[in-house]
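Asker: My questions all concern the structure below.
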Amino acid sequence: MIAVSALWSAFCSLLGFLLSIFSKVLLRYKKKKAGGEGDDYHGDIFGSFQDYLPRGYELICKSSALANWFLKDIQRLPQEPIRWWWKSCPHLQTLVQHLLPADRPLELCRDHLQLADGGLVALDWVVGPRQTSRMRRSTNATGNPPLLLVIPNPFGKLTRNIQNLCFQALEKGYYPVIFNRRGQNECPLTTLKLQDFGEPGDLREAVTYIRFRHPSSMLFAVSEGLGSGLLLSYLGECGSSSYLTAVSCISPVFRCQEWFENKLPWLYEWALLLYQKTILSRYFTVLGEILPTEKLFDSQSLQELHEILHCQRKTRKVSWDDYWEQNDPLRDVDEVAVPVLCICSMDDSIRGPPESTLPIELFRTNPYFLLLLTHYGGHCGFLTDAPVAWSHEVTLDYFRSVTEFFRTEEKTKWLANRRNSNMMSRRRRPTLQRRELSAYRDLEEKIFSWKRSYTRVKKK
């Protein structure tokens, strides 16, 4: 174990040194580009935000019973020491989590789910490797393990970040299942239909199937990077019928249209574009029936490729703006009825600068959204001295905290109902009964109700 730790530290030191020059060049480019732009509305907030992160992170949300509960719970998390290579080079954290293989390969059991239109999506159930001595007991009152639905990025790659999250969740008693889109991660493309960026129909059918197989298990969901667009679209469209207990989004991208239009630093843009073309090249012949494939594979940017892929089909042509009106992840954000934790870093080189990419007002006004903002972490990085992502620990601890909150509030409600039932069974004067009923109604306003009360702002 000591030898592995030593090799890990040596590797991180070497990779950090090699990437430090690249990091500084990109930082200077961003500063030069930002210098010619006007002040942003949130510029003052983020300019002085370092003073509000004494422990390295800050929870931004609307005050509510759940938010106050989680705020107290998250303060128990230890402040992990971060060495200089993590702080000085967020690109190192990003590349480590996206390029390096996982510590241990996952053992997967695949289900091919046939959809209503004949298409296929793949569900990979994580069944190992297991370490029974470290397995925790299930958090489900029925004794069934809670399910963790994992949404990878839309490029179809199972990154080190996703695989390590599944392994850690498995150790803590969850049953992870990975959702794979049509034609991605060796899932066959059986129809001439590709899933749009924010079209949640396939995910809805997958969730229905998962609930059919495990009707008594709690269902949580976590997404990575751009994969959060699909998950947020699903939450907005389904509302209170999403079947999810809680959701965590690691390094989500909120303003996706602007993300495609502004482009990434050339290294990331080139790598993602090449990877996307490599995946699509498997279906070159069949895609030629609905797409101008030569133009598709000659595209020079992610925006151009995505626009050809989804807006210039022979059977359906739409403008770029109209496409995003139907696929914006936040288009139905007011309908979300599940607590969503978003873990973001200020130095995320993929998402972009926080002052222009994070919808701060959403977290300040919508009680279902919580933002955990950190100084460092890169994009889906959040690595410390140990090869374990801090965001994974926070995500799983958040699910545990939400579960305990629901149980506590339900128990409080049950005790209040029982107390009131005992009081009502006694024969007392009508005035006393009215007084007790009034007190009970006041108590009900303060306790948990799944549909609305737990997000209500507490009165001072």
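Asker: Among the residues of the stretch 335-370, what is the count of those that are open to solvent by 50 Å² or more (accessible area, probe 1.4 Å) and either free of Cβ contacts under 8 Å to residues at least 60 places away in the same chain or assigned to a loop (DSSP other than H, G, I, E, B) (or both)?
Answerer: Adding up the residues that qualify gives 2.
Asker: Further question: Right, Glu289: assigned to a helix (DSSP H, G or I) and more than 17 Å from the chain's Cα centre (by Cα) or not?
Answerer: no
Asker: Scan Leu113, Leu147 and give me the residue that is modelled with pLDDT of 90 or more, farther than 30 Å from Glu404 by Cβ and either open to solvent by less than 50 Å² (accessible area, probe 1.4 Å) or out of contact with any Pro (no Cβ under 7 Å at 6 or more places or on another chain) (or both).
Answerer: Leu113
Asker: Of the numbered conditions (1) surrounded by fewer than 19 Cβ atoms within 10 Å (Cβ to Cβ); (2) closer than 26 Å to Gly377 by Cα, Gly225 fails exactly one; give the number of that condition.
Answerer: Here Gly225 meets the rest and fails (1).
Asker: Quickly run through the stretch 371-396 and pick out the residues that are open to solvent by 30 Å² or more (accessible area, probe 1.4 Å) and assigned to a helix (DSSP H, G or I).
Answerer: Glu393
Asker: For the stretch 259-278, which positions are in contact (Cβ under 8 Å) with a residue 24 or more places away in the chain and either open to solvent by 40 Å² or more (accessible area, probe 1.4 Å) or under 30 Å from Phe220 (Cα atoms) (or both)?
Answerer: Listed by number, the residues that qualify are Trp259, Phe260, Glu261, Asn262, Lys263, Leu267, Leu272, Tyr275, Gln276.
Asker: Hey, another quick one. Would you mind stating whether Ser281 is among the polar types (S, T, N, Q) and either surrounded by 14 or more Cβ atoms within 10 Å (Cβ to Cβ) or within 20 Å of Gly198 (Cα to Cα) (or both)?
Answerer: No; evaluated as a whole, the condition is false for this residue.
Asker: Residues in the stretch 251-264: is at least one assigned to a loop (DSSP other than H, G, I, E, B) and of a type in the set (A, V, I, L, M)?
Answerer: Yes.
Asker: How many of the residues making up the stretch 288-306 are surrounded by 14 or more Cβ atoms within 10 Å (Cβ to Cβ) and without any contact (Cβ under 8 Å) to a residue 24 or more places away in the chain?
Answerer: Number of matching residues: 6.
Asker: So is Ser319 crowded, with 19+ Cβ neighbours inside 10 Å and of a type in the set (S, T, N, Q) or not?
Answerer: Judged against the criteria, Ser319 is not a match.
Asker: Now for a separate question. Hey, any hits in the stretch 319-333 for a residue that's over 17 Å from Ser233 (Cα atoms) and of a type outside the set (D, E, K, R)?
Answerer: yes
Asker: Which residue pairs have Cβ atoms under 7 Å apart, sit 6 or more places apart or on different chains, and have a first residue in the stretch 62-75 that is charged (D, E, K, R) and a second that is in a helix (DSSP H, G or I)?
Answerer: From residues that are charged (D, E, K, R), the pairs are Lys62/Arg364; Lys62/Thr365; Asp73/Ser401.
Asker: Please enumerate the residues belonging to the stretch 178-194 that are in contact with an Asp or Glu (Cβ under 7 Å, 6 or more places away or on another chain) and within 13 Å of Ala221 (Cβ to Cβ).
Answerer: Selection gives Ile178 alone.
Asker: Tally time: how many residues in the stretch 228-250 are in a loop (DSSP other than H, G, I, E, B) and either under 18 Å from Arg331 (Cα atoms) or open to solvent by 10 Å² or more (accessible area, probe 1.4 Å) (or both)?
Answerer: 3
Asker: Please specify each residue of the stretch 353-380 satisfying the condition of being under 20 Å from Leu149 (Cα atoms) and touching a Phe, Trp or Tyr at 6+ places or on another chain (Cβ under 8 Å).
Answerer: Matches in the stretch 353-380: Phe369, Leu370.
Asker: If you scan the stretch 214-240, which residues turn out to be without any contact (Cβ under 8 Å) to a residue 60 or more places away in the chain and more than 22 Å from Arg181 (Cβ to Cβ)?
Answerer: Pro215
Asker: Now for a different question. Which residue pairs have Cβ atoms closer than 6 Å, lie 6 or more positions apart in sequence or on different chains, and pair a first residue in the stretch 162-190 that is farther than 22 Å from Tyr275 by Cα and open to solvent by 20 Å² or more (accessible area, probe 1.4 Å) with a second residue that is assigned to a loop (DSSP other than H, G, I, E, B) and among the basic types (Lys, Arg)?
Answerer: Matching pairs, first to second residue: Lys172/Arg136.
The values are calculated or read from the model by the stated rules, or taken from the named source; none is laboratory data. Small disclaimer: the values here were computed from a predicted structure and weren't measured. Note that we place each Cβ from the backbone using ideal geometry, even for glycine, and neighbour counts take in every protein chain shown. Just so you know, the surface numbers come from the protein's heavy atoms only, side chains and all, with ligands and any DNA or RNA stripped out. Shrake-Rupley method; radii C 1.70, N 1.55, O 1.52, S 1.80 Å.
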